[in-house]
1. Which residue pairs have Cβ atoms under 8 Å apart, sit 6 or more places apart or on different chains, and have a first residue in region 295-315 that is in the same structural domain as residue 272 (by TED's automatic domain parsing) and crowded, with 22+ Cβ neighbours inside 10 Å and a second that is in a strand (DSSP E or B) and among the acidic types (Asp, Glu)?
2. Does region 202-209 contain any residue that is at positive phi, surrounded by fewer than 21 Cβ atoms within 10 Å (Cβ to Cβ) and within 17 Å of the chain's Cα centre (by Cα)?
3. Do any residues in region 322-333 that are hydrophobic (A, V, I, L, M, F, W, C) have Cβ atoms under 9 Å from those of residues that are surrounded by fewer than 17 Cβ atoms within 10 Å (Cβ to Cβ) and outside any loop (DSSP other than H, G, I, E, B), where the two are at least six apart or on different chains, and which pairs are they?
4. For residue 137, which of the numbered conditions (1) in contact with a strand residue (DSSP E or B) (Cβ under 8 Å, 6 or more places away or on another chain); (2) over 26 Å from residue 435 (Cα atoms); (3) surrounded by fewer than 20 Cβ atoms within 10 Å (Cβ to Cβ) fails to hold?
5. Does any residue of region 260-269 turn out to be in contact with a Ser or Thr (Cβ under 9 Å, 6 or more places away or on another chain) and modelled with pLDDT of 95 or more?
6. Return the only residue of 84, 39 being under 24 Å from residue 113 (Cα atoms) and at pLDDT 95 or above.
7. Among (1) modelled with pLDDT of 95 or more; (2) over 30 Å from residue 95 (Cβ atoms), there is one condition residue 192 misses while meeting the rest; what is its number?
8. For region 386-407, indicate whether the set of residues that are under 18 Å from residue 343 (Cα atoms) and surrounded by 15 or more Cβ atoms within 10 Å (Cβ to Cβ) is non-empty.
Amino acid sequence: MRGEDLAILVPYSRDSRYSYNVLLAALEKFLHELPDVFIVRMRNYSLGLTKFINSLTSLLTRYRRVLIPMSFKTTELDQALTLINKILEVKRKIPDERLVFVGGGPHPSGDPMGSLKLGFDAVFIGESEDSFVNFVNSLMERPKELPIVDGMAWLENGVMCFKPRRGYIDINNYPAFSVLHRLFNPIEITRGCSGRCFFCQVPFMFGGVLRHRTIDNVVHHVKLMLKFKLRDVRFISPNSLSYGGNGREVRVELIDELLSRIHEVLRGSSGRVFFGTFPSEVRPEMVNDEVIKVIKKYISNKRIIVGAQSGSDNVLKAINRGHTVDDVINAVSTLLSNGLGADVDFIFGLPFEDDESINETLNVIYRLASMGDVRIHLHFYMPLPGTPIFKLGYKELPENAMRKVMKLLGKGKAYGYWLRQKEIAEMIMKYYRDGVILTRDMYEVKVV
């Protein structure tokens, strides 16, 4: 099958754009013959639907085979289902092999069987740059078969088959963004998380072994960005302060070298470095005076995001967070004493909360807000499949606690889309009750 006989049609949702960027970048690097790639930008999977289906219909008249890769999060499931059903309407009207529909990303990784039952031909579980490259390459070589590659799951007679990965990806082998398609994003400097918090999909999707992009590799990407006049450098990492280490230690000398090398490259370009900010944060127990003094020399951001999650030590222990409330207080105090502000994340609605723990969290919030340049970023717990506490669902916030939270918001001491997140949590658990989302104990897996 020649490259021109295969088209890849990407439903480029804003919420999943980073996934598409790295997948396309991997194809650029490793395929000698690239298939034609068409990108339909969508604000979300239900907006831009007509444009996407029209593009699909047109491509099916011009190419022997069309591949649609769809990456999505559980929080996007409502919109994703709208697009999935529309794609399946088209797929049912043509020979099956002409349209290959595969899923990946956080939701299919956390619920592969449920995702397959939605209508995907296959799903990729966990990190999948190498799997996707191999899949596309095999698809071009064997045009009438569904390739089977490592890290992939598919259905045979209603049974989920899974071919495991052979090991973790070395992110240094894969570009952080797509230059060919001009799809840029923050540079992923660390993948994996040793924390294994029970509410988070990251360690269960990418594993607990941290893999870091080398300083030379990061600098290479910064230079590429400058060629396209992109001067703001941001990073993707579960915990910025884990760079170069094992997740339990702070390698101050490596963080210093990383930021100083980038700072040197940006010199004279009006470039800026943002570290410890979205789409990353820092763990409170890793904040110390030495590392904050180092990063402050180089960064343009005036605030650091601290992941507190709860003001109750009992809840922190129950979610396997790995730090204490005192660690949070000390981290914020250290930031403030060094002239940096703090945005502190808290999650309400965790299944282990009770009246006492909610009051403890509110008291910690009040204390932090009184310390100085501190903003409280409020979240509502959204259960995610594949995590240990998913089946426990969320817990409603008592009315008196709700009033206190709303008062914080009204006074400008807190911010966040937590009410919208509560609606999403309700949506997720409804799909679980309705059997759209499945858990691992509900089906058998054939490992091949």
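The values are calculated or read from the model by the stated rules, or taken from the named source; none is laboratory data. Only a predicted model underlies this, so the values are computations on that prediction, with no experimental measurement involved. Every residue, glycine among them, receives a Cβ derived from its backbone with ideal geometry; neighbour counts consider all protein chains shown.
1. Short answer, once both residue conditions are applied: 304/343; 306/343; 306/345; 307/345; 308/345; 309/345.
2. Pass one, region 202-209, residues at positive phi: 207.
Remaining after also requiring surrounded by fewer than 21 Cβ atoms within 10 Å (Cβ to Cβ): 207.
Next cut, within 17 Å of the chain's Cα centre (by Cα) only: 207.
There is at least one residue in region 202-209 that is at positive phi, surrounded by fewer than 21 Cβ atoms within 10 Å (Cβ to Cβ) and within 17 Å of the chain's Cα centre (by Cα).
3. These pairs meet every condition: 325/313; 329/367.
4. (1)
5. Taking region 260-269 first, the residues in contact with a Ser or Thr (Cβ under 9 Å, 6 or more places away or on another chain) are none.
No - not one qualifying residue is present in region 260-269.
6. Details: 39 fails: under 24 Å from residue 113 (Cα atoms).
Matching residue, one of 84, 39: 84.
7. So residue 192 meets the others, but not (1).
8. Yes; the residues of region 386-407 include at least one that is under 18 Å from residue 343 (Cα atoms) and surrounded by 15 or more Cβ atoms within 10 Å (Cβ to Cβ).
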